[in-house]
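Colleague: I have a structure here, written as structure tokens, and I will follow up with some questions on it.
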Amino acid sequence: MSGRHRSLRSVLPGLRRRIIVGWVLLLYASGFVPAGAADPRVAVAPFDAGDVNPGTVEFLTDFLQQELSANGSFQVLPPDQVAAKAGTARCFSEKCGLELADALRVDRVLLGRARKKGGEYLLELSVVDRPEARKSLSVSASAATEDGLFVRAGDLLEQVTRALAAPLAVVKAPANEAPAKSTGGEGKPPAQSGAGSPSNPSPARTGTEPERSPATSEAPSPGSSPPASAVRLPADGGARTEAPGSGRRWWLIGGAAAVVGVVALVAGGGGGGGDGGSGDGPAQLPEPPGHP
């Protein structure tokens with residue numbers, strides 16, 4: 001095996017390690033975060049008491065608020081911030097939950113309702129998902145007494161926790177609509193001036209007038225709209241937005257690529273340094289006959 005090949009085999013393992021470490025540092029410096037890594041923001045809305053003692057339902061709301069806050073799988077909004085937006089309203093509908101989630105700027109809202117049904121007490125819990133704009137969970141349990149509602153709430157807590165801690169759905173924003181075509185007057189197309197318009201018809205051709213080639217283009221008359229093929233707008237209406245820090249990230253990526261290239265070049269040059277000792281060289285051409 002030549003000296004060049006031996007040198008490359010000794011350099012490649014270290015070069016691979018440097019490349020892997022470089023990419024890891026690059027991803028860390030660019031702020032790379034896997035999708036769905038952010039904890040959901042959650043709010044516990046004041047429960048609807050219905051025909052149950054309001055004090056019991058208020059304690060029930062506080063009980064679930066404390067249990068969910070201690071979970072750690074999501075961020076629970078403090079009760080005072082929820083009360084500032086919800087006020088005295090108590091609701092259990094999907095529409096009300098979505099409106100409250102928008103007002104609080106949270107990802108999910110837990111709604112609750114307690115009421116009497118026959119000779120029992122019924123507890124209903126729902127999770128409204130703001131990104132999906134729907135109820136993602138609806139569960140209920142019944143108890144023989146009001147105090148038994150706390151036991152039933154503990155039984156439903158596991159299902160509620162899973163629904164609140166589920167990864168958030170990624171919803172794509174709708175594409176911007178194309179800009180509306182300009183009109184003249186009340187929804188009418190702009191009037192065209194010059195020959196060929198209804199107000200100024202084209203003169204009749206005479207026998208002496210040369211025929212005009214179809215490929216010949218005319219300059220647009222003053223006041224007329226340019227042809228559609230001459231104006232090209234971007235699909236998103238001309239808006240170009242760039243995420244904050246994207247320039248810094250691309251600069252880091254370019255710098256890391258340059259460093260990796262220099263390391264590879266230095267390693268390749270070091271490997272080729274042993275080529276001179278291998279004894280390989282250009283072949284000697286035979287001398288022509290009759291040479292002195």
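The values are calculated or read from the model by the stated rules, or taken from the named source; none is laboratory data. Note that this is a predicted model, so its numbers are computed, not measured. So basically every Cβ, Gly included, is an ideal-geometry build from the backbone, and we count neighbours across all protein chains shown.
Colleague: Report whether or not residue 114 is surrounded by 17 or more Cβ atoms within 10 Å (Cβ to Cβ), more than 18 Å from residue 41 (Cα to Cα) and either small (Gly, Ala, Ser) or at pLDDT 95 or above (or both).
Modeller: On the way: surrounded by 17 or more Cβ atoms within 10 Å (Cβ to Cβ): yes; more than 18 Å from residue 41 (Cα to Cα): yes; either small (Gly, Ala, Ser) or at pLDDT 95 or above (or both): yes.
Spelling it out, residue 114 is indeed surrounded by 17 or more Cβ atoms within 10 Å (Cβ to Cβ), more than 18 Å from residue 41 (Cα to Cα) and either small (Gly, Ala, Ser) or at pLDDT 95 or above (or both).
Colleague: Restricting attention to region 132-153, does a residue exist that is farther than 14 Å from residue 42 by Cβ, of a type in the set (Val, Ile, Thr), in contact (Cβ under 8 Å) with a residue 12 or more places away in the chain and surrounded by 14 or more Cβ atoms within 10 Å (Cβ to Cβ)? Steps first, answer last, please.
Modeller: To start, the set of residues in region 132-153 that are farther than 14 Å from residue 42 by Cβ comprises 132-135, 138-153.
From what's left, of a type in the set (Val, Ile, Thr): 139, 145, 151.
Adding the requirement that they be in contact (Cβ under 8 Å) with a residue 12 or more places away in the chain leaves 139, 145.
When the remaining residues are screened for being surrounded by 14 or more Cβ atoms within 10 Å (Cβ to Cβ), the result is 139.
The answer is yes, given that some residue of region 132-153 is farther than 14 Å from residue 42 by Cβ, of a type in the set (Val, Ile, Thr), in contact (Cβ under 8 Å) with a residue 12 or more places away in the chain and surrounded by 14 or more Cβ atoms within 10 Å (Cβ to Cβ).
Colleague: Any chance you could count how many residues in region 93-111 are closer than 16 Å to residue 163 by Cβ, touching a residue at least 40 places away in the same chain (Cβ under 8 Å) and surrounded by fewer than 19 Cβ atoms within 10 Å (Cβ to Cβ)? Break it down into steps so the answer makes sense when it comes.
Modeller: Initial filter on region 93-111 (closer than 16 Å to residue 163 by Cβ): 94, 97-98, 101, 106-111.
With touching a residue at least 40 places away in the same chain (Cβ under 8 Å) added as a condition, the list becomes 94, 97, 101, 106-111.
Those left that are additionally surrounded by fewer than 19 Cβ atoms within 10 Å (Cβ to Cβ): 94.
Counting residues in region 93-111 that are closer than 16 Å to residue 163 by Cβ, touching a residue at least 40 places away in the same chain (Cβ under 8 Å) and surrounded by fewer than 19 Cβ atoms within 10 Å (Cβ to Cβ) gives 1.
Colleague: Going by what's in this entry, would residue 51 be described as at pLDDT 85 or above, part of a helix (DSSP H, G or I) and not polar (S, T, N, Q)? Give the steps one after another, and end with the answer.
Modeller: Numbers: at pLDDT 85 or above: yes; part of a helix (DSSP H, G or I): no; not polar (S, T, N, Q): yes.
Criteria not met by residue 51.
Colleague: Run residue 70 past the list (1) small (Gly, Ala, Ser); (2) at pLDDT below 90; (3) surrounded by fewer than 16 Cβ atoms within 10 Å (Cβ to Cβ); (4) on the phi < 0 side of the Ramachandran plot and report the number of the one that doesn't hold.
Modeller: Answer for residue 70: the failing condition is (2).
Colleague: Continuing with the same structure: Among the candidates 138, 197, single out the residue that is hydroxyl-bearing (Ser, Thr, Tyr) and at pLDDT below 90. Don't jump to the end; show me each part of the working.
Modeller: Details: 138 fails: at pLDDT below 90.
Among 138, 197, only 197 is hydroxyl-bearing (Ser, Thr, Tyr) and at pLDDT below 90.
Colleague: Which fully enclosed strands (runs of 3 or more DSSP E) of region 69-166 have 1 or more residues being over 19 Å from residue 56 (Cβ atoms) and out of contact with any strand residue (DSSP E or B) (no Cβ under 7 Å at 6 or more places or on another chain)? Let's see the steps before the verdict.
Modeller: Working: elements: 108-117, 120-129, 134-143.
Where strands (runs of 3 or more DSSP E) fall fully within region 69-166 and carry at least 1 residues being over 19 Å from residue 56 (Cβ atoms) and out of contact with any strand residue (DSSP E or B) (no Cβ under 7 Å at 6 or more places or on another chain), they are 134-143.
Colleague: Further question: Output the residues belonging to region 132-148 that are under 15 Å from residue 99 (Cβ atoms) and under 21 Å from the mean Cα position of the chain (by Cα).
Modeller: Keep residues of region 132-148 that are under 15 Å from residue 99 (Cβ atoms), which gives 133-135.
Passing the criteria: 133, 134.
Colleague: I'm trying to understand the selection: among the residues of region 49-95, which are among the small types (Gly, Ala, Ser) and out of contact with any Cys (no Cβ under 9 Å at 6 or more places or on another chain)?
Modeller: Initial filter on region 49-95 (among the small types (Gly, Ala, Ser)): 49-50, 55, 69-70, 72-73, 83-84, 86-87, 89, 93.
Passing the criteria: 49, 50, 55, 69, 70, 72, 73, 83, 84, 86, 87, 93.
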